[in-house]
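Trainee: Once you've had a glance at the structure underneath, I'll fire off some questions.
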Amino acid sequence: MKKVISVNGLTKDYGNNQGVFDVSFEVRQGEVFGFLGPNGAGKTTTMRNLLGFIKGDAGNCSILDLDCWKKPSEIQKHIGYVAGEIALPDSVNGQSLIEQIAKMRGCTLERASELCEYFDINPKNKIKRMSKGMKQKIALVLAFMHDPEIILLDEPTSGLDPLMQEKFCDLIIREKERGKTILLSSHIFNEVEKTCDRVMIIRQGKIVTEVDMKDVEKQKPEFVVTKFSLEKYFMEFYRKGGETK
């Protein structure tokens, strides 16, 4: 599979050990790549570099072999994105916002309508009256409605109830089957376990390890009462400062 996302030696130093430091990884076409780490680990900073919102102090990022800082407008034509902190305009209703973004994206409203039905959204409500979970669902519609080939998701199910989290996982699995490339930052271990092909752990701005989910699957014990927990597997890294067997 060809390389779609590439991060090479990325450093963005905010001082006081905040930022990212010499981060490198690749995401291949058609895979879901999990980005796992505690708050402040550097996940959002990395995504903002990929989107061309900020420029690293060292290293570089590219998507589809285009430099993320030099060619952001061209790259963003191929991307769907959910930010870690949703900030939607309060002055309009959901439907108006969807229509505005569809016009900017040059896409029809057909897929947006399907996604609204899938996530049980009434988009005619004013955004300022929507709950956090409903705003999160609107953000997901905006990210997926133009059928992008690459999707960057920063804590995409924050505020969603368990049923909607399950529906989100099902959507990700379907998109992967369609050949979409997805970078998923998440704190929800069940979500990562169900959807990701590989997972990278970042801590204090530095890469701790990268794990192939097939290797994790092989470690599930047979004939035991307690189900192997991905959460327990990764929490070993957190408890030991990124070192485990």
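Readers should treat all values here as calculations from the given coordinates under stated rules, not as data from a laboratory. All figures in this text were calculated on a predicted structure; none of them were measured in a lab. Note: ideal-geometry Cβ built from the backbone for every residue, glycine included; neighbour counts use all protein chains shown.
Trainee: Mind listing the lone cysteines of the chain, meaning no other Cys beta-carbon sits under 4.7 Å from theirs?
Mentor: Singleton cysteines: 107, 116, 169, 196.
Trainee: Just list whichever of 3/124; 43/103; 2/132; 2/194 have alpha carbons separated by over 28 Å in the model shown.
Mentor: Check vs 28 Å cut-off fails for 3/124; 43/103; 2/132.
Trainee: Would you mind checking which residues have amide H under 5 Å from residue 209's amide H? H placed 1.01 Å from N; only 5 or more apart, or other chain.
Mentor: Correct list: 201.
Trainee: Here is a follow-up. Using only Cα atoms and rounding to the nearest 10 degrees, what angle (0 to 90) does helix 230-239 make with the longest principal axis of the chain?
Mentor: In the chain, helix 230-239 runs at an angle near 60 degrees to the longest axis.
Trainee: Right, here's the next one. Round to a whole angstrom and tell me the spacing of the C-alpha centers of the stretch 128-165 and the stretch 7-84.
Mentor: About 20 Å separates the Cα centre of the stretch 128-165 from the one of the stretch 7-84.
Trainee: Within the stretch 1-96, list the GluC sites (Glu not before Pro) lying in a DSSP loop whose Cβ has at most 12 other Cβ atoms in a 10 Å radius.
Mentor: Hits after loop and neighbour filter: 85.
Trainee: Let me ask something else. Only helical DSSP H runs with n ≥ 4 go in: add -39500 (n - 2.57) per run for the chain, normalise by residue count and round the 222 nm mean residue ellipticity to 500 deg cm²/dmol.
Mentor: -10000 deg cm²/dmol
Trainee: Rank the residues 185, 158 as a footprinting-exposure proxy: fewest other Cβ atoms within 10 Å of their Cβ go first.
Mentor: 158, 185
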